[in-house]
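One structure, as structure tokens, below. Some questions next.
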């Protein structure tokens, strides 16, 4: 089975690529700017191209059996250039996905078109939820990035209805590498939502990496998030491809094992880094829980990286001598 992969150089794509090769798949990766590093395998080939080139995509997918579409603009850390530019997001996400669908639905042996969506379609973070989030939770995009993903999900499902194209959608939670995870625990990441009086107190103590920060909801309770390790998400995507015969034409949440409270883990991180920590209320954040039940049942998805494990991994990379 040959898998056509986009986004193979990204945090998740690199792990998906390694997983597929390890399991004996042939992988043809679309490379726009950067070829994945450290990959040398007889079953791996790459083609130079662009998801905005529909004609080139039609040639690139020829002879493949599955498509795994991970490529998209994603830029959540300041300065968030792409997240503020709707035209760029439209081209990268909506037009790029449309082009790949046009190239894929006529493939003779297509077993699945796997599309990587996001939990941002639910507005996790700013939205208040009365129950855990499942795949049936109502959409509520909080920014154009999420709106673009919703549009692409609709395209995938309806290409299935119109052309009989087998599809599979994964909605991926916040997925961060070690350095990115540490940034989320940094004061600067939350600074804009902190009251002025708390900023004065915290900036001197924590800014510039002097310490780490645990956000609180406006109620004073610990903020809650659900963050996944790229390897766990890549395992879920790989399982989607492996089980596409029974799992196709469905949508799956892929998240970390459980939500975590920042106050439950902040001391572990501070001790590991040898720094101080503090907390304060942050506007516009609400607790949530993203359920993996469908992916666990249908794909065999079993995320391994708890927040404690992710913190330990991030600390070990930051302070290898410790």
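Which distance in Å, rounded to a whole number, links the C-alpha centroids of segment 237-251 and segment 142-210?
If we compute the Cα centre of each part, the gap is 24 Å.
Further, regarding this structure: If I fit a long axis through the Cα atoms of helix 262-273 and take the longest principal axis of the Cα atoms of the chain, what angle between them do I get, 0 to 90°, rounded to 10?
Approximately 80 degrees, to the nearest ten.
Once fully extended, how much extra length lies between residue 138 and residue 50, figured as 0.36 nm per residue of separation less the alpha-carbon to alpha-carbon distance?
Details: separation 88, 0.36 × 88 = 31.68 nm, distance 3.28 nm.
Residue separation times 0.36 nm, minus the Cα-Cα distance, leaves 28.4 nm.
Now a separate question. Based only on other Cβ atoms within 10 Å, what is the fewest-to-most ordering of 65, 229?
On the way: 65 19, 229 26.
Ranking 65, 229 by Cβ neighbours within 10 Å, fewest first, gives 65, 229.
Further question: In the chain, what % of DSSP beta bridges are antiparallel (nearest 5)? Write out the running numbers ahead of the final one.
On the way: 4 of 41 bridges.
Beta bridges within the chain, antiparallel portion: roughly 10 percent.
Give the order of 93, 31 when sorted by the count of other beta carbons within 10 angstrom, beginning with the fewest.
Values: 93 24, 31 16.
Lowest to highest Cβ neighbour count: 31, 93.
Helix-only mean residue ellipticity at 222 nm, the chain, DSSP H runs n ≥ 4 weighted -39,500 (n - 2.57), per residue, nearest 500. What is it?
On the way: 13 runs with 120 residues, N = 322.
Taken over the chain, the calculation gives -10500 deg cm²/dmol.
Between 118, 134, 97, where does the largest GNM mean-square fluctuation fall for the chain, given springs only between Cα atoms within less than 10 Å?
Most flexible of the set in this elastic network: 134.
Taking one equal scatterer on every alpha-carbon of segment 134-288, how large is log10 of I(q)/I(0) by Debye at q = 0.08, 0.16 1/Å?
-0.32, -0.97
Residue separation times 0.36 nm, minus the C-alpha to C-alpha distance between residue 249 and residue 318: what's the value? Each step should come with its number before you reach the end.
Numbers: separation 69, 0.36 × 69 = 24.84 nm, distance 4.14 nm.
Net length gain for the segment: 20.7 nm.
Another question, then. Pairing the Cα long axis of helix 13-22 with the longest principal axis of the chain, what angle in degrees results, from 0 to 90 and rounded to the nearest 10?
It works out to around 50 degrees.
Still on this structure: Just want the ordering: 68, 156, from fewest to most Cβ atoms lying within 10 Å of their own Cβ. Walk me through the numbers on the way to the answer.
On the way: 68 29, 156 22.
The fewest-first ordering by Cβ neighbours comes to 156, 68.
Compute the acute angle (0 to 90°) between the alpha-carbon long axis of helix 196-206 and the principal axis of greatest extent of the alpha-carbon atoms of the chain; round to the nearest 10°.
80
Using 0.36 nm times the number of residues separating residue 276 and residue 106, minus their current alpha carbon distance, what extension gain do you get?
Working: separation 170, 0.36 × 170 = 61.20 nm, distance 5.75 nm.
This chain segment gains 55.4 nm when fully extended.
Read-outs throughout are calculated quantities, based only on the coordinates presented, and are distinct from any laboratory measurement. The structure presented is a predicted model; accordingly, all values stated were derived computationally and were not measured. Reconstructed Cβ throughout: ideal geometry from the backbone, glycine too, with neighbour counts over all protein chains shown.
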